[in-house]
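Contents: one structure, followed by commentary.
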Amino acid sequence: MIHLVRAAWWVLGPLVALLTFIHPRTRVRWAERWSLRLPAVEPGSIVVHGASLGEGRAAEALCEALRARGHVLLRTATSDTAFGAARGHHALAAWPMDHPWVVRRWLGRVRPRLVILVESELWPTFLHEASGAVDVVRVSPRTGPGTERLMRWFPWIQLPEIDAPGVKQAAPTRAFDQVLPRPCLVAGSTRGEDAELLAAWDDFLVLAPRHLDAFDVAVLEGQRWHRRSAGPMPSGTRVLLLDTHGELASTYAQADVAFVGGSFDPAIGGHSPDEALAAGAPVVHGPELSVGTVATTPSDLRQALDAALALGRSEPVAVDLSATVQALAEYGVDHGPESVHRPWLRPLGAVLSWLSRRGGPRAGLPVVSVGNLASGGTGKTPVVREISRILVELGATPAVVSRGYGRGGGDDIRTSEDLGDELEMLSGEVLVVSSPDRVAGVARAKELGATVVVLDDGFHTRIHRDLDVLTLDHVHRDAGGLIPAGERRPGEYADADLVWGTRGQGGQVTTRLAPRDWSVAGPVFAFAGIHHAGRFLELLVRNGVDVRGWQAFPDHHRYTAEDVAQLVAQGLPLVTTEKDAVRFPGEATVLPVELEFIAGRELLVERLKAVL
């Protein structure tokens, strides 16, 4: 059956892509859904998927409970309402469409250590592609008619399951800011039962439709009703239409009776009653559930509501997820190798590699090159800074020469203004020269009194180098294949004099990034416009920063007033990198980093002495 599904996706995929682009609801985050824009997280994250608003409450609770594990939490969702109400995560993204190419690309780039599926949503192509590559676990599984049918079609879907009773109630709930009239019936996730509820209940009623866009307000004709989104409720209101997101759980705290929608329809199977039960409200539902007072048909609703009202409220239930977190700790795999980004372009990459040549004219003074085979994101700038510092310790006068990535246009040589973000970071510590023509830049450095040049990104230049250092991020070692199939440039690590592993392993010199004088209190919103921006997010999370929102921009992004306004609107203190601070015109706390040597510093010093 899975082969038929995959074949159908290949045939119908273009049409589905077009239809989802046209439809206003599925057009939201369309590029993410089709893996054309990928989550800005590093491999090794934990994915927590809650498809809709209800599952989102459980996903939020799990994210809050899992924060102490020190992994980046990537929250995924399917519906637009779930996106709007998502909380507790570090990063947020759309769940990929179940097309084989989309799923394979998503898994190959995200490379999660664990995928947690909340409640009932299952995607066969995703599960087939993930099998053996990543652990997938269902938490608080709920098996409705749709899930049962899927399991009959795909009997090979056998996932570990962890029961987490009341998981939705563990999510933080904001208090409802109005006292509701009593007695009060809160009808949650209604699916067409609204007219029957109005007829069966004579007192105050809170209606929370499952799908607001499908709710027919004509059913409220003749009622004194009010939309929650319109502000404070006037006196004398009989029906409150809860047309906001994230407030249903807080209304249950004032409910004398709760009704669970979808429970008269076998095709739906009833929505979760957990939030109402944990709040202490007596629950009424149709025959598709069996946790409270049952109304066998809509005509029995009045009798069932009266019976539940007579029972009265019970004490709210406190939910502890420590056992769930402990059970989840048994799962998780190390991420595999990075997939080739564009495999159909591999032959062209081989041609470009053959055309590459190394070497060139001597500069007239020692040249230390710091380069990489990836086209960015290996932590090269901190390495340039560290080498410059060691050269100063050895009595030399270094100058950093770079083409000036991100600088304004022009071929002129610059040493002070509009150098490019990376050189701006270094300009207060060492002589810097920004020049698209690196040969001319080295000559200018010599004129300014430099006794040694540190050539930023010099491995593929035509200048002779006395010491070639290649930086290596072992997580992205092959950078998705040779350009244009991936982001790796021609060359081999064996061609370098020194390989410098910037992520704790992988080279003769090994370092890792560490915070330098960080002072961050309370929740923050983080952003970065660097290559592999997720590396900054990962560093924040591993060092205990309470990240409550995250946005990645393209490398060397020039921030606009609109970008600043969008970030400020998040309502949290902003934190970013040194490199981004150069280009960011707003206020943000800069979190600098430094290199922490693990091995090879003595070898590095010896090689630099030999160059001098």
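The values are calculated or read from the model by the stated rules, or taken from the named source; none is laboratory data. Remember, it's a predicted structure, so these values are computed and weren't measured experimentally. No Cβ is skipped: glycine too gets one built from the backbone with ideal geometry, and neighbour counts run over all protein chains shown. Please note that ligands, DNA and RNA were not included when accessible areas were found on the heavy atoms of the full protein model with its side chains. Shrake-Rupley method; radii C 1.70, N 1.55, O 1.52, S 1.80 Å.
Across the chain, C-alpha contacts under 8 Å between residues 6 or more apart give a mean separation that, scaled by the residue count, equals a relative contact order of 11 percent.
Placing +1 on the Cβ of every Lys and Arg and -1 on the Cβ of every Asp and Glu, with nothing else charged, gives the range 449-592 a dipole about its Cα centre of roughly 200 debye.
Using only DSSP helix segments of four residues or longer, with each worth -39500 (n - 2.57), what per-residue ellipticity at 222 nm results for the chain after dividing by its residue count and rounding to 500?
On the way: 21 runs with 183 residues, N = 612.
Result for the chain, helices only: -8500 deg cm²/dmol.
When the Cα positions of Ser35, Ser290, Ser435 are compared along the charge dipole of the chain, Ser435 comes out farthest toward the positive end, with charges on each C-beta of Lys, Arg, Asp and Glu.
Give me the percent relative contact order of the range 1-84, please, defined on Cα pairs under 8 angstrom at least 6 residues apart. Let's see the in-between values first.
On the way: 68 pairs, mean separation 22.5, N = 84.
Computed over the range 1-84, the figure is 27 percent.
Projecting the Cα atoms of Gln326, Leu301, Pro316 onto the dipole axis of the range 294-335, where Lys and Arg carry +1 and Asp and Glu carry -1 at the beta carbon, places Leu301 farthest toward the positive end. The trypsin sites (Lys or Arg not before Pro) of the range 183-235 that meet both conditions, a loop assignment by DSSP and at most 14 other Cβ atoms within 10 Å of the site Cβ, are Arg224.
Rg of the Cα atoms in the range 362-457, relative to 2.2 N^0.38 Å, amounts to 0.97. The residue among Leu198, Leu73, Ile463 whose Cα reaches farthest toward the positive pole of the charge dipole of the chain, with charges on the beta-carbon of Lys, Arg, Asp and Glu, is Ile463.
Size descriptors for the range 417-488, from the alpha-carbon set: Rg then Dmax equal 14.7, 42 Å. Under a model in which nothing but the beta-carbon of Lys, Arg (+1) and Asp, Glu (-1) is charged, the chain shows a dipole of about 1600 debye around its Cα centre. To the nearest 10 degrees, how steep is helix 601-611 against the longest Cα principal axis of the chain, on a 0 to 90 scale? Relative to the chain, helix 601-611 is tipped by roughly 30 degrees.
Cα centroid separation, the range 1-45 to the range 98-157: 15 Å.
Would you list Ser434, Ser229, Ser52 from the most to the least accessible area, probe 1.4 Å? Let's see the in-between values first.
On the way: Ser434 0, Ser229 75, Ser52 25 Å².
Highest to lowest solvent-accessible surface, that is Ser229, Ser52, Ser434.
Stokes-Einstein diffusion for the range 258-317, with the hydrodynamic radius set to the Kirkwood value over Cα pairs and evaluated at 10 °C in a medium of 1.306 mPa s, equals 140 µm²/s. Within the chain, DSSP assigns beta bridges of which about 10% are antiparallel (rounded to the nearest 5). Relative contact order of the range 43-154: 28 percent, from C-alpha pairs under 8 Å at least 6 residues apart in sequence. Comparing Cα centroids, the range 387-449 and the range 531-551 end up 29 angstrom apart. Once the Cα atoms are used to define both axes, helix 346-355 deviates from the longest principal axis of the chain by about 20 degrees. Note that the range 381-392 has calculated 3J(HN,Hα) couplings of 4, x, 5, 4, 4, 5, 4, 4, 5, 5, 4, 5 Hz, one per residue in order, obtained from phi through the Karplus relation 6.51 cos²θ - 1.76 cosθ + 1.60 (θ = phi - 60°); glycine and proline are x. Computed on the Cα atoms alone, the convex hull of the range 179-234 gives a volume of 91 cubic angstrom per residue. Residue by residue, the range 525-536 carries 3J(HN,Hα) couplings of 10, 9, 8, 7, x, 10, 5, 6, 4, x, 5, 5 Hz when phi is fed to the Karplus relation 6.51 cos²θ - 1.76 cosθ + 1.60 (θ = phi - 60°); x denotes Gly or Pro. Surface composition of the chain: carbon plus sulfur atoms hold 53% of the accessible area, using a 1.4 angstrom probe and ignoring ligands, DNA and RNA. Couplings 3J(HN,Hα) for the range 111-126, derived from phi with the Karplus relation 6.51 cos²θ - 1.76 cosθ + 1.60 (θ = phi - 60°), are 6, x, 8, 7, 10, 10, 9, 8, 6, 10, 6, 10, 10, x, 5, 4 Hz, where x marks Gly and Pro.
Could you compute how fast the range 551-608 diffuses translationally, taking Rh as the Kirkwood radius over C-alpha pairs and applying Stokes-Einstein at 25 °C with viscosity 0.890 mPa s? Give it in µm² per second.
Working: Rh = 13.9 Å.
The diffusion coefficient I find is 177 µm²/s.
Among bridges DSSP assigns within the range 396-467, what percent are antiparallel (round to 5)? Intermediate results must be reported in sequence, preceding the final value.
Details: 1 of 9 bridges.
If we restrict to bridges inside the range 396-467, about 10 percent are antiparallel.
Quick one: order Ile390, Ile530 from most to least accessible surface, probe 1.4 Å. Walk me through the numbers on the way to the answer.
On the way: Ile390 0, Ile530 35 Å².
Largest accessible area first, the list is Ile530, Ile390.
Name the longest site-free stretch of the chain, where the excluded sites are GluC sites (Glu not before Pro) in a DSSP loop with no more than 14 other beta-carbon atoms within 10 Å. If you can, show how the numbers build up before the last one.
On the way: sites that count: Glu221, Glu330, Glu417, Glu429, Glu492, Glu587.
The reported range is 1-220.
In terms of its Cα atoms, the chain spans 96, 53, 44 Å along the principal axes, sorted from long to short. Largest accessible area first, the listed residues Leu4, Leu185 line up as Leu4, Leu185 when surface is computed with a 1.4 Å probe on the assembled protein chains.
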